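As structure tokens, the structure follows; a few thoughts come after it.
The values are calculated or read from the model by the stated rules, or taken from the named source; none is laboratory data. All figures in this text were calculated on a predicted structure; none of them were measured in a lab. Here the Cβ positions follow ideal geometry from the backbone for every residue, glycine too, while neighbour counts run over all protein chains shown.
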Amino acid sequence: MTSKPRRTAYWLQLTLTLAVCAFMTVPVVLSVLAGLTNNIFVGLSSGLTTRWLVEVWSLYRNTIFLSLGIALACLACTLVIGVPAAYYMALRRNRVTRLIEELLMLPVAVPGLATALGLILLYGGWQALRTSWVFILIGHVLFTLPFMVRSVLAILSAIDIRTIEDAAASLGATRLQRFFTVVLPNCRQGILAGALMVVTLSVGEFNLTWMLHTPTTQTLPVGLADSYASMRLEIGSAYTIVFFVMIIPLLVFMQALSALGARARRHAPPPEATAELPMTAVPQSAETRHA
């Protein structure tokens, strides 16, 4: 008697899931078809073409390369700043580090337009910076840094990095050696998860970028909005195809790296085994000294 209600619940959940998937994917599919159709208002009967893709590439290819460059530069900045910051906060969990963690989340909580306006008021007077892509990079780093810090901090807190680091220190490892040989390998999964979010958020960020960009520093999302506003609908849809062609392989690649990291972590020895090493090594060295 219980199997029938369970079967009914299963089909209801499956139907709801498929409905949500259709709700999210059908508009994307229609947009892609529009970019490959001669005339979207006539429909597929007007024939398929790639001329809109060629036109998008000729008009907006610079925005694609700029977006990729900014995303990679943003990833490098968040790695250099975010990973050491998460390491420090994992070792010293007190009121100050918790306050720093909350302050890092402000650019995410505050609307991107407000953050961009603050950057313009603060640095807008520097003409060389204002007209440079570095100005957009600063905004992207502010927006994406919390995601890198939170991802790495969650991993470091879960594996009790203090105990593992103390074990390495008792074996004579310096702070720099502990960071590169103990901390980074153990938080690799968090770094990969944070990198995935940083790159995807940087490539697709529009609100903040729209306020910070200039005619010579137009990124892919801004160019996409511009193409929909000032060009034919088919060109805007073709731009969407270019966006997908660029972002989907990147997402698949980074997801694969994350999966490899998770698989390596499952097959790695438990942290307790590493922590036991110095406890056997220290008494031996002490006995040797007394001998």
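Within region 240-257, take every residue that is crowded, with 18+ Cβ neighbours inside 10 Å and under 16 Å from the mean Cα position of the chain (by Cα) and give me the one that is modelled with the lowest pLDDT. Steps first, please.
Kept after step one, since they are crowded, with 18+ Cβ neighbours inside 10 Å, are these residues of region 240-257: 240-243, 247, 254.
Add one more test, that the residue is under 16 Å from the mean Cα position of the chain (by Cα), and what stays is 247, 254.
Details: 247: 77, 254: 72.
Among those residues, the one meeting the criterion is 254.
Take residue 238 and decide whether it is part of a helix (DSSP H, G or I) and in contact (Cβ under 8 Å) with a residue 12 or more places away in the chain.
Values: part of a helix (DSSP H, G or I): yes; in contact (Cβ under 8 Å) with a residue 12 or more places away in the chain: yes.
Yes; evaluated as a whole, the condition is true for this residue.
Restricting to region 104-148, name every residue that is under 19 Å from the mean Cα position of the chain (by Cα) and either among the acidic types (Asp, Glu) or more than 21 Å from residue 219 (Cα to Cα) (or both).
Residues satisfying the conditions are 104, 105, 106, 109, 110, 146, 147, 148.
Residue by residue through region 196-212, note down the ones that are surrounded by fewer than 22 Cβ atoms within 10 Å (Cβ to Cβ) and either outside any helix (DSSP H, G or I) or not β-branched (Val, Ile, Thr) (or both).
196, 197, 201, 204, 206, 207, 210, 211, listed by residue number.
Considering only region 166-186, I want to know if a residue exists there that is in contact with a helix residue (DSSP H, G or I) (Cβ under 9 Å, 6 or more places away or on another chain), polar (S, T, N, Q), closer than 30 Å to residue 53 by Cβ and at pLDDT 80 or above.
no
With the structure loaded, tell me whether residue 177 is without any contact (Cβ under 8 Å) to a residue 40 or more places away in the chain and not charged (D, E, K, R) or whether it fails that test.
Numbers: without any contact (Cβ under 8 Å) to a residue 40 or more places away in the chain: yes; not charged (D, E, K, R): yes.
Considered against the rule, which asks whether it is without any contact (Cβ under 8 Å) to a residue 40 or more places away in the chain and not charged (D, E, K, R), residue 177 comes out as yes.
Check off (1) of a type in the set (A, V, I, L, M, F, W, C); (2) more than 27 Å from the chain's Cα centre (by Cα); (3) more than 20 Å from residue 221 (Cβ to Cβ); (4) assigned to a helix (DSSP H, G or I) for residue 20 and give me the number that stays unchecked.
(2)
State all residues of region 153-172 that are under 20 Å from residue 100 (Cα atoms) and hydrophobic (A, V, I, L, M, F, W, C); if no residue qualifies, say none.
Pass one, region 153-172, residues under 20 Å from residue 100 (Cα atoms): 153-158, 161-162.
Listed by number, the residues that qualify are 153, 154, 155, 156, 158, 161.
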